[in-house]
Amino acid sequence: MNKSLLTGLIRPLSIRGFSYKTVKRPDLSAKRKLTSPPEATDNDGKRDHLNLTAQIKQRILTGGPITMADYMKEVLTNPYAGYYMTRDVFGQEGDFITSPEISQIFGELVSVWCLSEWRKVSSPSPFQVVELGPGRGTLSIDVLKTLTHFNLGGQFSLHLVEVSPYLSKMQASRLCFKQELVDDGPCYMKGETLMGTKVFWYKRFEDVPRGFSIVLAHEFFDALPVHKFQKENGKWKEILIDVDTSKENGFRYILSKSETPMSKIFQPAEDDKRDCLEYSVETDTLIESMAERIKTDGGISLIMDYGHFGEKTDTFRAFKKHKLHDPLIEPGTADLTADVDFKRIKYIAEKNDEAIAIGPVDQGTFLKRMEGDARLEHLLENALPENKSNIKSGYEMLTDPKQMGSRFKFLSIFPAVLKDHLEKFPISGFN
Ligand SMILES: C[S@@+](CC[C@H](N)C(=O)[O-])C[C@H]1O[C@@H](n2cnc3c(N)ncnc32)[C@H](O)[C@@H]1O
């Protein structure tokens with residue numbers, strides 16, 4: 001990594017208070033805050049989960065058992081009662097906390113990575129920064145702040161792919177000093193930051209305009225629906241979800257009697273020997289589209305998530321109030337998630353020779369290679385005494401292999417034509 005980038009970052013950035021209980025990150029529009037985060041529209045999802053349960057039950061009673069992917073999609077993104085759609089689910093008060101919310105060091109080092117790799121591919125300008133599933137918008141805020149600090153404010157626009165109306169309003173209120181809902185093709189909202197960077201919102205990655213893009217995805221792919229297949233007598237059957245008539249408002253897993261439409265078309269990679277696995281067709285489609293764009297328009301991508309390298313079979317689970325929860329109970333009140341299969345992503349990204357995927361590397365390794373220790377030291381030198389232990393424990397949480405350091409992985413995707421170039425100039429954080 002180019003150390004001058006980090007040094008440049010270290011000096012002028014202000015030191016902020018730190019706590020990962022109530023993460024209050026500086027708002028770029030703080031000087032003139034014209035909007036505030038939207039009010040949650042329900043009572044922690046308690047009321048709506050009954051509606052959602054009834055809807056899913058009705059759907060099964062009418063059309064038969066549904067796939068796990070259909071269930072996950074309905075539970076997470078049903079427009080009226082989906083888990084992400086109507087409230088803030090992050091942080092101490094919510095169900096889980098994510099790395100950008102734990103420590104500012106995370107977003108700063110990811111931003112330095114973007115800058116360093118953009119320069120390595122000869123600084124194309126103008127360019128787009130795209131974030132998939134920005135949550136509260138904290139990572140985008142850090143990227144915006146860092147790139148603006150390096151005087152790139154006028155050279156890029158920010159494109160957010162967010163399905164949740166509630167979260168997109170929250171992102172806009174934190175990122176922009178003005179924003180408006182628009183009826184302009186697939187872009188549903190536009191805004192502008194105080195520094196003049198234009199921000200756009202879409203529901204799907206495919207709708208983001210073409211052009212050189214730096215695509216970031218933190219804890220996005222784990223939220224995409226997965227099918228679950230099991231091989232029997234050489235054929236893939238599928239785990240489905242049915243109504244459990246022995247319980248009020250209950251569901252249960254069943255195994256399909258024969259192949260299903262999705263299990264029929266599913267094609268594992270040649271060396272995948274598992275006879276039970278989770279498969280996300282939405283991930284495949286998105287990675288195919290990303291690889292095609294990276295080849296045609298140029299671009300780089302950084303995927304950050306918890307996951308495995310093609311060895312796990314059963315990772316579908318739910319989280320509620322920071323604890324594991326039964327995914328079939330009270331749908332809509334808990335996060336549903338499955339580990340990301342990085343081996344599959346790599347296979348799909350590379351299969352048409354459009355892109356190369358490098359990694360995955362462990363989060364702890366990546367952050368330390370990006371000079372995270374130096375950034376920590378600098379923050380500690382300048383922190384108020386009462387904030388020091390939180391700053392330290394936040395960074396430890398991100399990097400310690402026993403905490404988030406090895407469960408979370410980073411994978412980067414570059415144009416295939418750069419293969420030789422990247423051997424000479426290795427990708428920061430990956431070597
Ligand atoms: C687990 S959260 C991660 C948030 C943020 N990246 C972070 O790390 O704090 C998943 C994010 O993806 C969004 N999301 C989930 N499924 C989506 C989909 N199919 N399309 C677009 N956004 C989606 C959610 O609304 C949320 O913003």
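No value in this document is a laboratory result; all are computed from the given coordinates. Note that the structure is a prediction, hence the values are computed from the model and not measured. When we count neighbours, we look across all protein chains shown, and the Cβ atoms used for this are built from the backbone with ideal geometry, even at glycine.
A few remarks follow.
- Proximal lysines relative to Lys392, as straight alpha-carbon distance under 23 Å, when same-chain residues fewer than 8 apart are discounted: Lys3, Lys21, Lys24, Lys145, Lys368, Lys402, Lys409
- For Leu240, residues with placed amide H under 5 Å, excluding near neighbours: Ile254, Leu255, Ser256
- Annotation: peptides 69-78, 182-191, ranked by per-residue average of other Cβ atoms within 10 Å with the highest first, follow the order 69-78, 182-191.
- Here the Karplus curve 6.51 cos²θ - 1.76 cosθ + 1.60, taken at θ = phi - 60°, turns the phi angles of the range 273-281 into couplings of 9, 5, 10, 8, 7, 9, 9, 10, 5 Hz, with x standing for Gly and Pro.
- Residue-by-residue Karplus 3J(HN,Hα) for the range 189-202, coefficients 6.51, -1.76, 1.60, Hz, glycine and proline x: 8, 10, x, 9, 7, 4, 7, x, 6, 7, 10, 10, 10, 9
- Summarising the amide proton neighbourhood of Ile97: residues at separation of 5 or more, or on other chains, whose placed amide H is nearer than 5 Å comprise Gly91.
- Calculated FRET efficiency, Gln267 to Arg59, Cβ-Cβ distance, R0 = 25 Å: about 0.35 to the nearest 0.05.
- Calculated mean residue ellipticity, 222 nm, the chain: -10500 deg cm²/dmol, from DSSP H runs (n ≥ 4) at -39500 (n - 2.57) each, averaged per residue and rounded to 500.
- Inter-probe distance in nm under a simple model that places probes 7 Å from Cα toward Cβ, at Glu282 and Asp353: 3.3
- Loop sites in the range 246-323: GluC sites (Glu not before Pro), DSSP, at most 15 other Cβ within 10 Å: Glu248, Glu270, Glu311
- Helix axis angle, 46-63 relative to the chain longest principal axis, alpha carbon, degrees: 50
- Alpha-carbon centroid distance for the pair the range 233-249 / the range 350-417, whole angstrom: 39
- In the chain, the ratio of gyration radius to Kirkwood radius, Rg to Rh, stands at 0.96 when only Cα atoms are counted.
- Phi-derived couplings, Karplus 6.51 cos²θ - 1.76 cosθ + 1.60 at θ = phi - 60°, listed residue by residue for the range 79-92: x, 9, 9, x, 3, 7, 7, 10, 7, 8, 9, 9, x, 4 Hz, with x used for Gly and Pro.
- Between the range 180-206 and the range 86-140, the alpha-carbon center distance in angstrom: 17
- Considering only Leu175, Leu376, Leu384, the mean-square fluctuation computed in a Gaussian network model of the chain, springs between alpha carbons under 10 angstrom, is largest for Leu384.
- Environment charge of Pro261, counting only residues whose C-beta is closer than 13 Å and scoring Lys/Arg +1, Asp/Glu -1: -1
- Most mobile of Asp222, Asp142, Asp271 in a GNM of the chain (Cα contacts under 10 Å): Asp271
- Dipole magnitude (debye, nearest 20) for the chain, charges at Cβ of Lys, Arg, Asp, Glu: 860
- Between amide H atoms placed 1.01 Å from N, distances below 5 Å from Ser280 occur with His227, all of them 5 or more places distant or on a separate chain.
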